[in-house]
Amino acid sequence: MPTQAPPCILGSTSRYRAELLRRLLSDFEQRAPGTDESPHAGEAPAERALRLAIAKADAAASGITGALVIGSDQVAELDGLVLDKPGDAARARQQLASCAGRSVQFHTALCVLDTRDGRRHTHVDLTRVHFRALDSHEIDRYIAREQPFDCAGSFKCEGLGISLFERIENEDPTALIGLPLIALARILRDAGLPLP
């Protein structure tokens, strides 16, 4: 007799991550992890993304047993400097002007905490986004249409943001949106979820 698959919890309030997870799972719970996302001194962008993904999974798993808890975080980097979520049009304009004609690295980290045995399964995906040259009118039009104020790097690649790029280099296109589904599907299968 097959064992019952454990329930899944997404430790995030992000609608982008929830939409991605729905590609794999029709039923999951979403919990706000309430994690402090302040950077640590001297922390590399990939290390920060992984630390926060683990912290989000751990926080969302509080008081939970018998479930798989998913945490994820993404850090954008331009020449070693982290590009945080802009929050407003002025900062988004500044970020996009800085990125124009250059390459930005996105470190998307994933942690699946199996509360049945306490094991953490982690993965970090690297995506390189090569921006085309952009003039100020293109940047202003883009910001007015998509208002990407809650997105690291000030764009939504699943929307009009794709028009800002020359090319994208990665192994998993979903990682750039915020949740690397290829790695997640592998981890969930290994944990006993039948996918597809």
Does segment 3-11 include one or more residues that are surrounded by fewer than 16 Cβ atoms within 10 Å (Cβ to Cβ), at pLDDT below 95 and in contact with a Lys or Arg (Cβ under 7 Å, 6 or more places away or on another chain)?
no
Out of Gly101, Gly80, I need the residue that is loosely packed, with under 15 Cβ neighbours inside 10 Å, without any contact (Cβ under 8 Å) to a residue 40 or more places away in the chain, touching a strand residue (DSSP E or B) at 6+ places or on another chain (Cβ under 8 Å) and not hydrophobic (A, V, I, L, M, F, W, C). Which one?
Gly101
Determine which member of the set Ser26, Ser62, Ser72 is under 20 Å from Ala185 (Cα atoms), free of Cβ contacts under 8 Å to residues at least 24 places away in the same chain and of a type in the set (Ser, Thr, Tyr).
Ser26
Considering segment 21-36, residues that are under 16 Å from Leu110 (Cβ atoms) and of a type outside the set (S, T, N, Q), and then whichever is surrounded by the most Cβ atoms within 10 Å (Cβ to Cβ), we arrive at Pro33
Considering residues of segment 66-100 that are on the phi < 0 side of the Ramachandran plot and among the charged types (D, E, K, R) only, the residue nearest to the chain's Cα centre (by Cα)
Asp73
Matching residues in segment 112-163 (of a type in the set (A, V, I, L, M), at pLDDT 95 or above and not in a helix (DSSP H, G or I)) number 7
Could you pull out the residue among Ala18, Ala57 that is in a helix (DSSP H, G or I), in contact with a Leu (Cβ under 7 Å, 6 or more places away or on another chain) and buried (at least 17 other Cβ atoms within 10 Å of the Cβ)?
Ala57
What is the number of the single condition among (1) surrounded by fewer than 18 Cβ atoms within 10 Å (Cβ to Cβ); (2) closer than 23 Å to Ala41 by Cα; (3) touching a Ser or Thr at 6+ places or on another chain (Cβ under 6 Å); (4) not basic (Lys, Arg) that Ile64 does not meet?
(2)
Go through segment 164-183 and give me each residue that's part of a helix (DSSP H, G or I) and under 12 Å from the mean Cα position of the chain (by Cα).
Pro173, Thr174, Ala175, Leu176, Ile177, Leu181
Would it be correct to say that Leu110 is touching a Gly at 6+ places or on another chain (Cβ under 9 Å), touching a residue at least 60 places away in the same chain (Cβ under 8 Å), buried (at least 23 other Cβ atoms within 10 Å of the Cβ) and farther than 30 Å from Leu188 by Cα?
no
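The values are calculated or read from the model by the stated rules, or taken from the named source; none is laboratory data. Please read these numbers as outputs of a predicted model, since none were measured by experiment. When we count neighbours, we look across all protein chains shown, and the Cβ atoms used for this are built from the backbone with ideal geometry, even at glycine.
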